[in-house]
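One structure is given below, encoded as structure tokens.
The values are calculated or read from the model by the stated rules, or taken from the named source; none is laboratory data. As the structure is a computational prediction, the values presented were derived from the model and not from experiment. Positions of Cβ are backbone-derived with ideal geometry, glycine not excepted, and every protein chain shown enters the neighbour counts.
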Amino acid sequence: MTSCPPSPDLYCVMGNPVEHSRSPWIHARFAELTSQRLVYERRLVPLDGFAQALRDFAAGGGRGCNITVPFKLEAAQAATVRSERVQLAGAANTLSFIDGAIHADNTDGLGLVADIEQGAGFALAGRDVLLVGAGGAAAGALGPLLAAGPRRVVVANRTLERAQALVQSHAALAVLRKTELLAHAPQGLEHDFDLIINATASSLAGAGVPVPARVLRPGSLAYDMMYGTAAEGFLGWARQHGATPRDGLGMLVEQAAEAFHLWRGVRPPSAQVLAELRALMAAH
């Protein structure tokens, strides 16, 4: 009598909205290329139903999930074990369910830095960086950005107090890395930067670019964490002012690769999957 093979492990992405997410395709491709047996789903979570969605997923045998907007701060709070990155950011994008405990990590900043340094070929050490936004996305990015050793990082946010709070929480790390770390109001920015990162939801909302064009210099790298049509406004603005535009698709693939490695102990070929995903999106 032959025994049935065990069911594949269950993972998902939780968010609201979530139907646009490319994560199921990315993780299915990672699994295929690394011979891992898993199923990865999208789960639309009611805005007031995150805690219940986590309980239901764990009860159904879920092994881990990625968290997207607007639940990254709630995900950090819901966890029983938080990585140093989550403690610093106050936000989590990767949860693992292990022996009844919820382990939280944040792979967003790792994915961002990997895509900037490897994907775009842009070394962060000694550079001047402008991080626009102070929400969950910016919070997840700031620690790994500082760890890469830039000369100066300015956090600009419409609500200055939020930028100041983010700077304050990362002040010790900035001192350790010998990086100047400042908070600023977006419209008052006078200097230009080597790298501008848009970590706001302005692209998603179809709003204008949240900083003045004087922050760009010819050849600056202008990076939007969004991708696809959501990033087009920011990327067009960057191009128009002589900067090099890059969307966040590489960040999406790289943060997914970090999550996959956390869950499965295997590092997938992220550069190959990014190239395939770009080709797929260009064809549609």
Criterion: part of a helix (DSSP H, G or I), modelled with pLDDT of 95 or more and under 20 Å from Ala92 (Cα atoms) - qualifying residue of Ala165, Ala137: Ala165
Test: residue in the range 92-100 that is within 16 Å of Tyr223 (Cα to Cα) and either crowded, with 19+ Cβ neighbours inside 10 Å or of a type in the set (A, V, I, L, M) (or both): no
Candidates Ala222, Ala259, filtered to the one that is in a helix (DSSP H, G or I) and either at pLDDT 95 or above or more than 20 Å from the chain's Cα centre (by Cα) (or both): Ala259
Contacts under 6 angstrom Cβ, first residue in the range 4-31 being closer than 16 Å to Gly61 by Cβ, partner in a loop (DSSP other than H, G, I, E, B) and not β-branched (Val, Ile, Thr), 6 or more apart: Pro8/Arg37; Leu10/Gly61
Count of the range 24-45 residues which are touching a helix residue (DSSP H, G or I) at 6+ places or on another chain (Cβ under 6 Å) and within 12 Å of Ile67 (Cβ to Cβ): 1
Failed condition for Asp128, given (1) over 28 Å from Pro218 (Cβ atoms); (2) in contact with a Phe, Trp or Tyr (Cβ under 6 Å, 6 or more places away or on another chain): (1)
When residues of the range 270-284 are limited to those that are under 18 Å from the mean Cα position of the chain (by Cα) and touching a residue at least 40 places away in the same chain (Cβ under 8 Å), the one surrounded by the most Cβ atoms within 10 Å (Cβ to Cβ): Ser270
Filtered residues of the range 262-278 (kept if in contact with a Ser or Thr (Cβ under 9 Å, 6 or more places away or on another chain) and of a type outside the set (Val, Ile, Thr)): Leu262, Trp263, Arg264, Arg267, Pro268, Pro269
Cβ pairs under 6 Å, 6+ apart, first in the range 53-78 and closer than 23 Å to Arg37 by Cα, second charged (D, E, K, R) and in a strand (DSSP E or B): Arg63/Asp9
Matching residues, the range 113-142, being buried (at least 24 other Cβ atoms within 10 Å of the Cβ) and either in the same structural domain as Arg55 (by TED's automatic domain parsing) or among the charged types (D, E, K, R) (or both): Asp115
